[in-house]
Amino acid sequence: MAPPLLLLRDIHLTFGGMPLLEGAELSVSAGERICLVGRNGSGKSTLMKIANGEIEADSGERFLQPGTTLRYLPQEPDVSGYKTVSEYVQAGLEAGDNPKFATMLIDRLELSDIGDPASLSGGEVRRAALARAIAPQPDILLLDEPTNHLDLPIIEWLEKELIAIRSALVLISHDRRFLENLSRTTLWINQGRIHRIKQGFSNFEPWREKFLKTEALERHKLNRKITAETEWLHKGVTARRKRNMGRLRALLDLRAKRRSDRGTTGVVNMLASEADISGKRVCIAKEISKSYGDRLVVDNFSTLIARGDRVGIVGPNGAGKTTLLRLLVGEIEPDAGHIRLGKNLELENLDQQRKTLDPTDTLARALTGGSDKITINGEVRHVIGYMKDFLFTPNQARTPIAVMSGGERGRIMLARAFAKPSNLLVLDEPTNDLDLETLDLLQELLAEYQGTVLLVSHDRDFLDRVVTSVIASEGDGKWKEYAGGYSDMLAQRKHGRDIIQPKETQRPKKQAGSVVGFQPPKTHRKKLTFNDQHLLETLPSRIEKLQAEIAIHRDTLADPDLFSTNPEKFKTTAEALKKSEVDLLSAEEKWLELEIKREALELG
């Protein structure tokens, strides 16, 4: 077996007085496709910087094979100090690299017409940094959250590019589909150590669940043994003193082992404050259009959004997703057509740029506005307890927002949004910087949320798990709504084409030593979305409950004297009966629709 190109051995690093990495190991061989996963704050980005030689560990060994080329994409690339984007990208090339390929990448990523890098948006900075990292076709590519701020066509193009490139890959990403399509090995950072699974990310989560169960059992056995040995110690046995001293030392070792065990990382405990129920019709848009100057952003679009819908909005950057979102919630008026909003709407907005966060505020002040209490669904809680629900420690209460990581700021935005009563959630790119476990819990919360959700996202897996329909850009201001998630949208389109078919990049002929035989993964077998599966499982109990309510209302109305003795009760019961019957019919129709869809997918 060929020696690794890059090797990190027994890496130790302490940060802020706390051990971050304890004996971490990383080995990268030619052509390997590795994904690096773990909770926010577990040390993924730090390990990547150590691998790049950017920071030095407290102890351990870093070895890079002589002559090996390595390129690194950080989470926050710095494009300052360059006059043009082309100059920034070309500066990453070395003697012997092909400048024409760099130029083609700049063109493909639509950066050739941009001059001063200081004028770039977040997405454009990310694209420029990707071009700089990929252009040399290095032996090793280290990519930290490469899909952040990218639109779906670019993400899907990037996947194809990385599949074709000869470089070994080490990826950090919150995008499940991206990791599933590219990885063949998974490294999991847990409690400062790295566990290596010789399988791609698609097999990681079931493996992790089994690992955590085994770890919990071992921890339970350790605690029981310590309890038993402590009881023995308290009995004051003096015979065979030498053997007893050995047993005492063993007990002390057990206690030290327990102290060094950090235990399982907590989980985010999300609970959304919900307002009174909204009207059945949340938004009716009929033939709406919107232009900015000569640019038509929305052209003759109609939709009906009902209470409980989860609607995803997708399209390339600049297509007008935010404009369409603002139209649908009544923030701006259409140039033509009309929009009618439902009754009793309580809207809460989570913006992508996090502009509402004041960097000078402390964490506690950002959540409460200055009080030490916060009210969730009528329950008054101390801000420290609410912070813990979102994995913040009491020590962070006075920490300024400015020094917090992107993932921490994302959790703050979620904590603030869910603390306010709402029945309409508007989420613009909520998945940025969140770890996979937090994404799982956000998906569950949205599935259980009784209100309506409007969601702009570039995360295909998240869309598939959450939304009931997708409004997609068709280009030139045209928008079309598709039933189901993102994969369902692709299936309904002609030939399952992308939102906008990306043009292919011509690449130079591969040099000797290129990796061959790596094929794109097989197409995912279609299945119900996360939300549809949840509804299919919960609707039968909902139907039974409604049937029971109807029976009670009918029994009440069967009293022949009710109308004359208590007309008010007769009226409210009759209205409740009518509502329950309508809800029952709707629930039965939805269950039947989902059951037919499930059978069709299984047969297909």
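The values are calculated or read from the model by the stated rules, or taken from the named source; none is laboratory data. Not measured: the values here are computed from a predicted model. Neighbour counts run over all protein chains shown; Cβ positions are idealised from the backbone, glycine included. Just the protein is used for accessible areas: all its heavy atoms, side chains included, with ligands, DNA and RNA removed. Shrake-Rupley method; radii C 1.70, N 1.55, O 1.52, S 1.80 Å.
With the simple model of a label 7 Å out from the Cα in the direction of the Cβ, residue 286 to residue 160 spans 4.2 nm. With the simple spin-label model, which puts each label point 7 Å out from Cα in the Cβ direction, the residue 119 to residue 61 separation comes to 5.2 nm.
Shown here for segment 21-121: trypsin sites (Lys or Arg not before Pro) in loop regions (DSSP other than H, G, I, E, B) with at most 11 other Cβ atoms within 10 Å, namely 83.
For segment 456-468, the Karplus equation 6.51 cos²θ - 1.76 cosθ + 1.60, evaluated at θ = phi - 60°, returns couplings of 9, 7, 10, 8, 5, 5, 4, 4, 4, 7, 10, 7, 9 Hz by residue, with Gly and Pro reported as x. With a Förster radius of 35 Å applied to the C-beta separation of residue 480 and residue 420, the computed FRET efficiency comes to 0.60. Hey, quick one: spin label on residue 95, modelled 7 Å out along Cα-Cβ, who in segment 136-176 has an amide N within reach, i.e. under 19 Å? Output list for this probe position: 136-139. If R0 equals 22 Å, the separation of the Cβ atoms of residue 586 and residue 552 corresponds to a calculated FRET efficiency of about 0.70. Think of a 1.4 Å ball rolled over the protein heavy atoms: segment 144-216 then has 32 Å² of accessible area per residue. Relative to one another, the C-alpha centroids of segment 16-66 and segment 308-326 are positioned 38 Å apart.
How about segment 28-63: which GluC sites (Glu not before Pro) there are in a DSSP loop, with at most 13 other Cβ atoms within 10 Å of their Cβ? Of the GluC sites (Glu not before Pro), the ones in loops of segment 28-63 whose Cβ has at most 13 other Cβ atoms within 10 Å are 54, 56.
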